[in-house]
1. Would you mind finding the one in 160, 139, 168, 117 that is touching a Gly at 6+ places or on another chain (Cβ under 7 Å), under 24 Å from residue 44 (Cα atoms) and not hydrophobic (A, V, I, L, M, F, W, C)?
2. Considering only residues that are open to solvent by 10 Å² or more (accessible area, probe 1.4 Å) and within 14 Å of the chain's Cα centre (by Cα), which ones fall in the range 115-124?
3. Cβ-Cβ distance below 8 Å, separation of 6 or more or different chains: which pairs start in the range 57-69 with a residue that is closer than 13 Å to residue 47 by Cα and end on one that is charged (D, E, K, R) and surrounded by 18 or more Cβ atoms within 10 Å (Cβ to Cβ)?
4. Mind checking which residues of the range 50-67 are closer than 19 Å to residue 133 by Cβ and either open to solvent by 50 Å² or more (accessible area, probe 1.4 Å) or assigned to a loop (DSSP other than H, G, I, E, B) (or both)?
5. Within the range 39-47, can one find any residue that is part of a helix (DSSP H, G or I) and small (Gly, Ala, Ser)?
6. Looking at (1) in contact (Cβ under 8 Å) with a residue 12 or more places away in the chain; (2) on the phi < 0 side of the Ramachandran plot, which one does residue 139 not meet, given that it meets all the others?
7. Being open to solvent by 70 Å² or more (accessible area, probe 1.4 Å) and hydroxyl-bearing (Ser, Thr, Tyr): is that true of residue 102 here?
8. Quick one: in the range 33-49, of everything that is surrounded by fewer than 13 Cβ atoms within 10 Å (Cβ to Cβ) and polar (S, T, N, Q), which residue is modelled with the lowest pLDDT?
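The values are calculated or read from the model by the stated rules, or taken from the named source; none is laboratory data. Remember, it's a predicted structure, so these values are computed and weren't measured experimentally. Glycine gets a Cβ as well: all are built from the backbone with ideal geometry, and neighbour counts include every protein chain shown. Accessible surface areas use protein heavy atoms only, side chains included; no ligands, DNA or RNA. Shrake-Rupley method; radii C 1.70, N 1.55, O 1.52, S 1.80 Å.
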Amino acid sequence: MKVRAVVFDLGKVLVDFDYGIAVRKLAGNSAASVEEVGLAIDQSPLLFRYEAGQMSTQEFFDEARRLIGFRGDFPEFAAAFADIFSELPEMIALQAELSGRSLPTFILSNTNEIAVRHIRRHFPFFANFTGYVLSYEQRTLKPHRKIYELTEQQIGARGREILFIDDRAENVEGASQLGWQTICHRSAEESVGQIRALTRSS
């Protein structure tokens, strides 16, 4: 079946990230140790709640500040927390190639408002997508079925009309359950070849 839209995960697919960078920066202005800051914000229950839209950015900051004894203000916290990303140029170039062929592209990401504000400000490629399904806005996370259904609604396509690229097997499996074509991203070289092959006739 012809691919009508390509959906990309964001982290580890289009941008790399390292929460260790944020942990070290925040620890330098906190009462907590590097290890304690890591437990508080690095793939933690607090971050999960934030990315699931269960708390506002202000609530996240207030709770993180309390947990780690952060001494700075919100702009200082946000700058340290978000400046952890770097572009993955081969995948970004591939998205631009697809867009140039008038094939709609979307981002489906478990992410948070602070990160998206930073990426939108510092990485021009982020503006070049047809649409965005972001967990904190939708108040649901991959691999919950609801977020894939919301993506289908936004795209106006379903099942094998959608090609999805994600680096986490459980997220790929969630999309497969709705009949999407999927790629579990391991390397740019491998994924670029697969995407080109699957969209050749689109």
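1. Details: 160 fails: under 24 Å from residue 44 (Cα atoms); 168 fails: touching a Gly at 6+ places or on another chain (Cβ under 7 Å); 117 fails: touching a Gly at 6+ places or on another chain (Cβ under 7 Å).
Just one listed residue meets the conditions, 139.
2. The answer is 117, 118, 120, 123.
3. Listed by first residue and then by second, the contacts come to 57/113.
4. Selection gives 52, 53, 54.
5. yes
6. Here residue 139 meets the rest and fails (2).
7. Values: open to solvent by 70 Å² or more (accessible area, probe 1.4 Å): yes; hydroxyl-bearing (Ser, Thr, Tyr): yes.
Yes.
8. 43
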